[in-house]
Amino acid sequence: MNSKIRLLKLVKILCFLPLLAGLSGTVIAQHQISGTVTEAITGEALPGVSVIIQGTARGTATELDGTYSLTAPSGDVTLLFSYIGFENQQIEVQGRNVIDVQMEQASIMGEDVLVVGYGIQRAEDVTSSIISVPASEFRVSAPKDAASLIKGRVAGLNIQEPSGNPTDGTQIKLRGTTTLTGSSSPLVLIDGIPGGLNSVAPENIESITVLKDGSAAAIYGSRGTNGVILITTKGYEGQTRPTITYQGFMDYQQIVNTPDMFTADEYRDVINNQGAPFTDFGESTDWIESVLREPVSQNHSLTYSGGNSQTNYSANLNYRDQQGIFLRSDSEDLRTRVSLNHSIREDLVQVNLNLNYRIQEFFNGSRDDGSFNNSVWRQAVIRNPTDQVRNEQGGWQERPGFGYSNPLGLLNAVEGDTENREFKFDGSVTFNPLTNLSITAVGSTTRFNSLRGYAESFEHRTTTVDGLNGWASRNEDTEVDNLFELTANFSQNIDAHSVQLLGGYSWQEVVFEGFNAFNQNFPTDLFSYNNLGLGVDLQEGLAGMGSYKNSYKLIGFFSRLNYDYDGRYLLMGSMRYEGNSRFGADNEWGLFPAVSAGWRISSESFMEDFDFINELKLRAGFGVTGIAPNESYLSLTSYDYSGFFFNQGEWVQGIEPARNPNPDLKWERKDEINLGLDFELFERVRGNIDVYRRDTKDLLFEISVPVPPFVFPDLLANDGELRNEGIEVALDVDAYQSENINWTSSVVYSTNRNELISLGEGSLRSEQDFIYAGGLGESVQLPTHRIDVGGKVGNFYGYKAVDIDEDGNWIIENAEGERKGWFDIEPDDRQVIGNGLPDHNISWRNSVNYKNFDLSILLRGAFGFQILNETSLFYSNPTQQDFNLLSDAFDPIFGKEVLNNEWAYVDYYLEDGDFVKIDDVTLGYNLSSLPYGISNLRVYLSGQNLHTFTGYSGLDPEVSIGGLNPGHDFRDRYPTTRRFTLGVNVTF
Amino acid sequence: MKKIRFLFIVISTLTLTMLVSSCTDLTEEPFSEITEENFNPTSEDIPRLLAPAYTNLRWYMACCYDYVSMQEGAGDSYITPSRPNGWGGPYLPYHWHEWTPTHLHVNVGWDNWINGINAANRVLYQVQNLIEVEPDVLAGLVAEIRALRAFNYYNLLDNYGSVPIVTDFLDESLPTQSSRQEVFNFVETELLESIPDLTETVDQSTYGRMHKWAAMTLLARLYLNAEVYTGTERWDDVIEYTDRVIDSGIFELEPDYRNNFVQSNQNSSEIIFVIPYDEVFAGGNTMHMRTLAPEQQQSFRMSAQPWGGSAATPQSIETYDDEDTRLDDTWSGGPQRNPAGDVVIDFTKSIPEMGATQFRHGFRVNKYEIYEGMTASSDVDYPVFRYSLVLMMKAEALLRTNRPGDAATLVSEVRERAFSETDPSKATVSAAELQEGSAFNYGNIDPATFDEENDTIGYVDVQGGADVVYGRFLDELLWEFTNEGFRRNDMIRFQTTSGQSVYTAKRWFEKTPSESCREVFPIPQSAIDDNPNLAQVDNCFD
């Protein structure tokens, strides 16, 4: 539903609370009042302002020209004028018949009101850690998704963009790693309805609110552990003239960095001078250059809105065409949103309907069914620079070698397309029987569908080398998400006591299903994937097909009580009783309570002498959230069909258990304590400080179990405890203000520390007191990370290289300080050699307005972490003879010997990742009241990821921080880009 | 009072919601699994329930944790050195005898055989308790499952020594370890008890199944190695059970050795127990992928590029008689051509080292037919027991019980086809010859002497094979059975005059003498971590 509507309603409720007690049922009406409401500064008429007779439910709203008229029971009443974003005004009528009112914009910076779970709250009443970022503070340049907009704006919410692929989104981590196997993505609610960070076009977003701590998120139960991101879309209410807004930008990208591989001449040089056993094919090809481009992307957004006090509407169309830095890498996106609000009988019933439709289409370049085939990048990096692109017959030059292909063949000899469609229809009905009671029913259905096709032509190596005569596949996945929620909000004020009550029920069902097929050996490659049945390998039994369907249900009952005494003492208590079908029958339901309290010290009488303290609030909260497993049916004993068995001359499928069932599977539970302080000093320094501790208990984790008695060696069980602690500081300073200049500066800092407290305390005791994670492929075969009990998530675990012997083999040192040659090492000689999670994240945003110009600069940095430079590990190793290598491959290690060791996971390839980035610089120019009906025009130029100050030798130190193997800079990572954007916003 | 009325409405609405059961119903709905309620197997389902106990054996030739690499790679005739594409790394410890309890490639046997035992116990429980089966059918079925389970236990016994014995599918307690002697007794008893009820039929209906003759061959194999396992020799029992297989008259040596390893080797009359593979239905035989060089993809118009890989030790090639056609039927060396006749790669016999080699170094395994148009999965079935094995087991038992003449007759019989097209006179081996030492030039390679042009490499620390007791017989086993997964086992059974096993005492290629505790693999660390009742017993890690 459109929370703006609810928000408006609740503001009204809040304003009326003191008088509800005197509510009277009988009225003898007889006093006419009329007037005009205008904006205090501009003098413009304000339509849609609510005018209510205080103490009654009666009132009206101003017309298009700001006028109103109503009949009061007598001339001795008080009128209350309220309008969102403006200060309320109470005016005693004192027998007058004409009352004109000038409304003043609300003085508190940012939001007076915050969107919280299932409702809104005045910012000053909030007792949890909730941060809201309004559209005016969004990063503007070419956002990947909604999270991009608030990158570096919310302390403790780490948003990374480790990939330059236009189809990849951001990577989000809130307050550390709190789960081992559960999902780590936050709950995203778009006006209260679950969605994705990409479901709504950024131009359509009014504000983004992050519920950080457990006490705020607990109302969402099991979905709240990774934080909740509430996206409020732009709402249009009240009387507005039809408005058209156009927002558009073009951007240009460059690859930030390329690995420094041998050129053809250098390659020949090492053959001749170093005796490297490489092959010189006699050509000179810059393979990296051959797959790259400098792409231009565009984005257009058109919004049409209007309405009157009863009905208003908006329609938005957003088109985005993005080109990636690699040839063929792209993403084309069309998003539409139509929204309709209608109010019946003076807001007694409010109806809201929204229709969202999104089509995204992009190149599908590999059998993995992703978007761009990252192995094109790998092959371009490692391809022998002396080789030719095409062979004598004009085909792509292929060579033997394991995992060695012509990148241009992989890129060009394929056809592929992914089409994602997301259709969402949602609506709400709010019934306001009393000014202090509203009942809302919300329903939504979301259908996400992905249809993919991929085909390898006869030019592809599958035909030229493998003789398959083409390969083609079709894949389809559908997710249907249905939601129904019923909530009731009630509020009451008695003297200095103010109470808000919320109760509700939530029902959600998610169904996944899909179909896939592939075939090969086609008579022609003309049809790509459009005639799969033609392939002869269907008859040969070598084609494949499959389908699946699974589902889960989530049901919750929730309630919340907010109590406020005299604006000084604030208390919140909430409870969610939630059930998830994915658990064992006895453990389906979990209880997720939360409590928080606030003390507005600045409102105390003893603070009157401290004039410079405008606001001082102490907060404390505790909340419990849960995590459910990512898969369904884990608690069930069931059987699957398995491999074929030769029986009596026929092949029959076997039947075997599907899994080790765990009927005791229960909620992973996160307890979080949060202490916070909000302040405003000298009317120019605002900020908040939060300290938290989150303990995740009954960790969902694939424990290793003995076989027999178990059938499989792994069992998903609740086992272990993980702790995260941290501090977050956010500071906003009005640094300088004068008539023409307005300079604000804000700093956001967070630090996090985590520890695996225990593993294997459950009944299924495992002796193992650590978990391996991550891994290096090829022959290295070692996990990259290990989390020990008492240790940290993100710890790299490998060999510590201290020297190199005369044969060019590593000499390592184990934890006991014992030095060993490479051929004497044992697995136990590995140790913790670094950590991939930054200890400190900091960002600093400055924005300056000078007359019509505005400039904002965002610097962002992360400190105290290491990166595993996989590119260096694999390509700086001269024992690899089939590949091109980094140009430092023959440099002596430790200044002593050229490496002659097989690929090895040693800490030589771990580097400090500390960096500071000039992440975003935007210069804008605003004009208003222009000809041709243009009311506002803004032009801006923006640069993103402009420069990185770092000692890291890889491509970009902003690497993945997700999962249990953070800090691993994969060699196949789609490289990051530098981006320049030119944009324009016009309002008619 | 309106207010209260509305509150009442709200509360009743919420209460009603809670009461309507569909609003709190969290029953899971699986769409593509057989749930417990739907699982009502009948006797017609028996093949499906039995299937996992057999299909579990498919790892024997699978990529990349396979039985053959494990058994042959630790022996003297087969190595998987590092290739330029990175292939080879994890296999090096097999050759050097330097594995650890965390080395996945030596854990794989444990995991798979235990899985096979689990599957057997499960189907045993199912046919005995869940399904109505005719009593006579049931007896045969139970015998088959027990014999198949004994096959898994035999291999655990051979490879890991002291292992836990679990026979009850419903037993949820943590298994406890049994001694090697106890496991030996268990396997022996299980086989002796099942043999009477096993079918004697050998045709398509028992292809790939544990019939009476397969169980007897297994039992003979158990007795053949009894001294290694228990310290007590059982040669007479070897003779008894090999005789019973021989006397059945069902099996005979194929006139052409290759018939046992061709694409359609299901027609071989020599195969006693087999793991069926099929390109379409039963993928997983990747022997050709592991051994062939990537360039050979063109030679055979394969739809997958081989990884590159496993090769013969130069010393094992040097043991072959020039006229023995099994050399060419087992290994391919020299120039390899594509269909147009162009040389795509020229294999040298010599290999410079384990750590870094070129694709062209080393003769490749062509024992299992490499046919045109292969995919990554081969159609060739893996013969676990062949009739020639039965003959050779009997011959060995005769030889070791002072009947070398009878042994020589049998060995000559097996050799006959290997020389029938070259020099038939060479097929005959004498009693005296069988008692000679080994022709294998045990010793380490000297990389410095590697001469690619002349395809030679020299040796250092040369031990030779003269001191191998019945060394010639061990050589016969190499020529007949290399790459069939017996080499490790045979080399442990055969000893030098100093009483150490050939397997540990001898040097070959880069392998230096290893401790006798290397004769069994360690129990996987993960299994010990998960089950505190388990410990390393009598191996290098106890």
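Please treat every number below as a calculation from the coordinates, not as lab data. Keep in mind that this is a model prediction, so the values were computed, not measured. Positions of Cβ are generated from backbone atoms using ideal geometry, with glycine treated the same way; all protein chains shown enter the neighbour counts.
Observations on the model:
- Simple spin-label estimate for A:Leu677 and B:Glu416 in nanometres, 7 Å along Cα-Cβ: 9.9 nm
- For A:Asp714, distant residues with modelled amide H under 5 Å away: A:Val705
- Relative frequency of Cα-Cα separations exceeding 43 Å in the protein assembly as shown, percent: 56 percent
- For the range A:416-581, the fraction of C-alpha pairs more than 24 angstrom apart is 60%.
- Cα-only radius of gyration and Dmax that characterise the range B:426-542, units Å: 17.7, 56
- Stretched out straight at 0.36 nm per residue, the stretch from A:Arg390 to A:Asp788 would grow longer than its current Cα-Cα span by 138.2 nm.
- Overall form of the range A:113-233 per C-alpha gyration tensor (a/c, 1.5; a/b vs b/c): oblate
- In this structure the amide hydrogen of A:Gly365, modeled in the peptide plane, comes within under 5 Å of the amide hydrogens of A:Gly370, A:Ser371, A:Phe372, A:Asn373, none closer than 5 places in sequence on its chain.
- Sparse-neighbourhood loop sites, GluC sites (Glu not before Pro) in the range A:34-88 - DSSP loop, at most 12 other Cβ within 10 angstrom: A:Glu44
- Projecting the alpha carbon convex hull of chain B along each direction and taking the average yields 33.3 nm².
- The dipole here belongs to chain A: it is taken about the Cα centre, uses +1 on the Cβ of Lys and Arg and -1 on the Cβ of Asp and Glu, and is about 3260 debye.
- Sites A:Phe423 and B:Ser179, calculated FRET efficiency, Cβ-Cβ separation with R0 60 Å, nearest 0.05: 0.35
- The range A:526-571 and the range A:673-717 have Cα centres separated by 25 Å.
- Sorting A:Glu415, A:Glu540 by the number of Cβ atoms found within 10 Å of their own Cβ, with the fewest placed first, yields A:Glu540, A:Glu415.
- Here the range A:546-586 is treated with +1 on each Lys and Arg Cβ and -1 on each Asp and Glu Cβ, and its dipole about the Cα centre works out to around 260 debye.
- Per-residue 3J(HN,Hα) values for the range B:360-372, derived from phi via the Karplus relation 6.51 cos²θ - 1.76 cosθ + 1.60 with θ = phi - 60°, read 6, 7, x, 6, 9, 6, 10, 4, 8, 3, 10, 10, 5 Hz in sequence order (x marks Gly and Pro).
- Where labels lie 7 Å past Cα in the beta-carbon direction, separation of A:Trp651 and A:Asp260 in nm: 5.4 nm
- Taking amide H as placed 1.01 Å from N in the peptide plane, the amide H of B:Gly458 sits under 5 Å from that of B:Asp446, B:Thr449, B:Phe450, each at least 5 places away or on another chain.
- Applying a 4.7 Å Cβ-Cβ cutoff to chain B, the cysteines left without a disulfide-compatible partner are B:Cys23.
- You can think of it this way: the chain between A:Thr478 and A:Gln492 has 0.5 nm of extra reach, that is 0.36 nm per residue less the Cα-Cα gap.
- 10 Å Cβ neighbours from other chains, averaged over peptide B:296-306: 4
- Spin-label zone in the range A:662-691 - amide nitrogen under 18 Å from a point set 7 Å from the Cα of A:Glu604 along the C-beta vector: A:676-681
- Inter-label distance for A:Leu923 and A:Asp65, nm, one decimal - labels placed 7 Å from Cα along Cα-to-Cβ: 4.6 nm
- Remark: the range A:838-988 carries a charge dipole of roughly 1080 debye about the Cα centre, counting +1 on each Lys and Arg Cβ and -1 on each Asp and Glu Cβ.
- Hull volume per residue, based on the alpha-carbon atoms of the range A:470-539 and their convex hull, is 117 Å³.
- Long pairs among A:Lys173/A:Lys670; A:Lys144/A:Lys917; A:Lys173/A:Lys553; B:Lys367/B:Lys511; A:Lys697/A:Lys792; A:Lys151/A:Lys917, criterion Cα-Cα beyond 20 Å: A:Lys173/A:Lys553; B:Lys367/B:Lys511
- Shown here for the range B:413-491: GluC sites (Glu not before Pro) in loop regions (DSSP other than H, G, I, E, B) with at most 11 other Cβ atoms within 10 Å, namely B:Glu421, B:Glu453.
- Take the Cβ atoms of A:Tyr548 and A:Tyr772, set R0 to 30 Å, and the FRET efficiency comes out at 0.55.
- Farthest toward the positive end of the dipole of chain B, out of B:Gly283, B:Asn259, B:Phe473, is the Cα of B:Gly283, where the dipole comes from beta carbon charges about the Cα centre.
- Loop-located chymotrypsin sites (Phe, Trp or Tyr not before Pro) in the range A:271-380 (DSSP state other than H, G, I, E, B) with a sparse environment of at most 13 neighbouring Cβ atoms within 10 Å are absent.
- Coupling constants for the range A:902-910 follow from the phi torsions by the Karplus curve (6.51 cos²θ - 1.76 cosθ + 1.60, θ = phi - 60°), and in residue order they are 4, 3, 9, 8, 10, 6, 4, 8, 8 Hz; glycine and proline get x.
- J(HN,Hα) series, the range B:530-536, from Karplus relation 6.51 cos²θ - 1.76 cosθ + 1.60, nearest Hz, glycine and proline x: 7, 10, x, 6, 9, 8, 6
- Between A:Ala315 and A:Glu513, the C-beta separation translates, for a Förster distance of 22 Å, into a calculated FRET efficiency of about 0.10.
- q = 0.08, 0.09 Å⁻¹: log10 I(q)/I(0) that the Debye formula gives for the range A:762-912, counting C-alpha atoms only: -0.34, -0.41
- Full-extension gain in nm, A:Asp888 to A:Glu818, via 0.36 nm per residue minus C-alpha separation: 22.3 nm
- A helix-only calculation puts the protein assembly as shown at -5000 deg cm²/dmol for mean residue ellipticity at 222 nm, using -39500 (n - 2.57) for each DSSP H run of at least four residues, averaged over all residues.
- Amide N proximity, the range A:270-295 versus B:Glu453 label position 7 Å along Cα-to-Cβ, cut-off under 12 Å: none
- Between the residues A:Asn420, A:Ala815, A:Gln247, the greatest Cα displacement towards the positive end of the dipole of chain A, with unit charges on the Cβ of Lys, Arg, Asp and Glu, is found for A:Gln247.
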